[in-house]
Amino acid sequence: MPPRPSTFSIAARDPETDAVGVAVQSKFVGVGAVVPFVSADAGAIATQSFANVAYGPDGLDLLREGRDAAAVVDELTSADDEAPSRQVGVVGLDGEPAAFTGEECHDYAGDLQGEQYTVQGNILENAETLTAMAEAFEETTGGLPERLIAALHAGNAAGGDKRGEQSAALYVAKPEGGYDGRNDRWIDVRVDDHERPIDELERVFKLYDVTLLEREAPDETRELTGDAATEVAAILADLGFLDESDAAEGDAADVDAFGEPHREALETFRGMNNFENHPIPVLEDAIARGWADAEGEGEDRLVDAVWHGLSRLDRV
């Protein structure tokens with residue numbers, strides 16, 4: 001029998017953006033290759049425990065045909081002799097979400113649903129893992145990806161997988177959300193093997209967000225000044241994008257401390273990191289606004305500052 005991973009996941013939708021997605025964590029390598037199935041014209045499905053991966057494409061087809069989530073769950077499991085070992089969560093584009101936890105899934109195993117989501121898990125430390133996920137999804141502000149990641153963090157903190165952590169994935173679809181608008185694959189991020197996969201998933205998602213996802217233009221932009229300007233200049237110099245002499249120029253309290261050489265260095269940083277979808281004034285504004293909240297050191301802090309600064313702007 002194939003290995004049965006300990007897994008918790010959330011399938012959800014955001015009616016405001018027409019996005020649907022799945023976030024999952026498991027003590028199992030490459031869980032993103034097994035659990036999440038999403039399509040902007042159908043919905044989101046998480047198939048796990050002794051996973052039947054056919055539930056993904058078959059379930060999405062049933063949703064496209066007009067079945068509601070409960071009917072999809074019933075049709076998938078009733079035709080499966082090994083359904084008692086399966087677990088599946090289904091969210092359509094509308095209607096109530098639904099899930100199934102087979103009686104042979106290893107404890108703790110269960111599921112629960114809200115208006116826009118279903119959470120499910122097996123081989124968990126406790127039932128609180130699922131309630132914590134539901135509460136975090138409902139209470140977290142921001143877009144669907146942030147709320148899905150928050151649910152993973154909350155579930156892990158409440159107990160999580162009994163066997164530990166290994167991999168995590170975030171897969172979200174929305175109409176024309178993919179690269180250059182050519183498909184619906186809006187967010188597709190995976191961490192296949194890591195000591196802290198949810199933390200790593202969030203880090204990679206932020207980089208993906210800054211690089212590939214579009215934001216509305218800000219009404220006004222700020223320039224870097226003060227300590228932030230000095231610290232950013234030092235990082236750009238450490239990265240080799242700015243001469244040390246230019247990094248040391250200017251009074252830290254001077255509004256002109258971040259001058260033309262620094263912006264040329266920021267332009268190089270932008271190009272090296274594929275951040276061309278953000279003009280230099282917007283990038284500088286994001287760093288200025290996000291610097292105090294950014295975590296990490298060096299380039300990691302610079303990227304995190306960009307993400308925090310852009311987060312006030314709606315995605316498009």
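The values are calculated or read from the model by the stated rules, or taken from the named source; none is laboratory data. The structure presented is a predicted model; accordingly, all values stated were derived computationally and were not measured. When we count neighbours, we look across all protein chains shown, and the Cβ atoms used for this are built from the backbone with ideal geometry, even at glycine. Please note that ligands, DNA and RNA were not included when accessible areas were found on the heavy atoms of the full protein model with its side chains. Shrake-Rupley method; radii C 1.70, N 1.55, O 1.52, S 1.80 Å.
Around Leu207, under 14 Å between beta carbons, what's the net of Lys plus Arg minus Asp minus Glu among the other residues? Local charge sum for Leu207: -4. For an R0 of 30 angstrom, estimate the FRET efficiency from the Cβ-Cβ distance between Glu135 and Arg185 and round to the nearest 0.05. After rounding, the FRET efficiency stands at 0.55. Taking Cα atoms only, the orientation of helix 144-158 departs from the longest principal axis of the chain by about 70 degrees.
Between 0 and 90 degrees, the angle of helix 260-272 with respect to the longest Cα principal axis of the chain falls at about 30 degrees. The solvent-accessible area of Leu93, taken with every protein chain present and a 1.4 Å probe, is close to 90 Å².
For the chain, the mean residue ellipticity at 222 nm estimated from helices alone is -11500 deg cm²/dmol, where every DSSP H run of n ≥ 4 contributes -39500 (n - 2.57) and the total is divided by all residues, rounded to the nearest 500. Rolling a 1.4 Å probe across the protein heavy atoms gives the chain an accessible surface of 45 Å² per residue. Note that region 270-316 shows a convex hull volume over its alpha carbon atoms of 71 Å³ per residue. Of all accessible surface on region 188-316 at a 1.4 Å probe, what whole percent is carbon and sulfur? With neighbouring chains kept in place, the figure for region 188-316 is 43 percent. With both labels modelled 7 Å from their Cα along Cα-to-Cβ, the Asp74 to Leu239 distance reads 5.6 nm. Computed over protein heavy atoms with a 1.4 angstrom probe, the accessible surface ordering of Met133, Met272, largest first, is Met272, Met133.
Applying a DSSP loop filter and a limit of 12 other Cβ atoms within 10 Å to the GluC sites (Glu not before Pro) in region 136-198 leaves Glu176, Glu195. Computed on the Cα atoms alone, the convex hull of region 106-173 gives a volume of 84 cubic angstrom per residue.
For the chain, the alpha carbon positions stretch 72, 37, 30 Å along the principal axes, listed from largest to smallest. When only alpha carbons are used to place a centre, region 42-87 and region 171-216 end up 25 Å from one another. Stokes-Einstein, applied to the Kirkwood radius of region 157-253 over Cα pairs at a viscosity of 0.890 mPa s and 25 °C, places its translational diffusion at 142 µm² s⁻¹. Kirkwood analysis of region 1-83, using all unique Cα-Cα pairs, places the hydrodynamic radius at 13.3 Å.
Rounded to 0.05, the FRET efficiency of the Arg222 and Asn277 pair, given R0 = 22 Å and the Cβ-Cβ distance, is 0.70. Counting only alpha carbon atoms, the long axis of helix 280-290 and the longest principal axis of the chain meet at about 70°.
In this simple spin-label model, placing a label point 7 Å from the Cα along the Cα-to-Cβ direction at both Val29 and Glu260 gives a separation of 5.5 nm.
Taking the chain as a Gaussian network of alpha-carbon nodes connected by springs under 10 Å, the highest mean-square fluctuation of the residues Ala79, Ala127, Ala292 belongs to Ala79.
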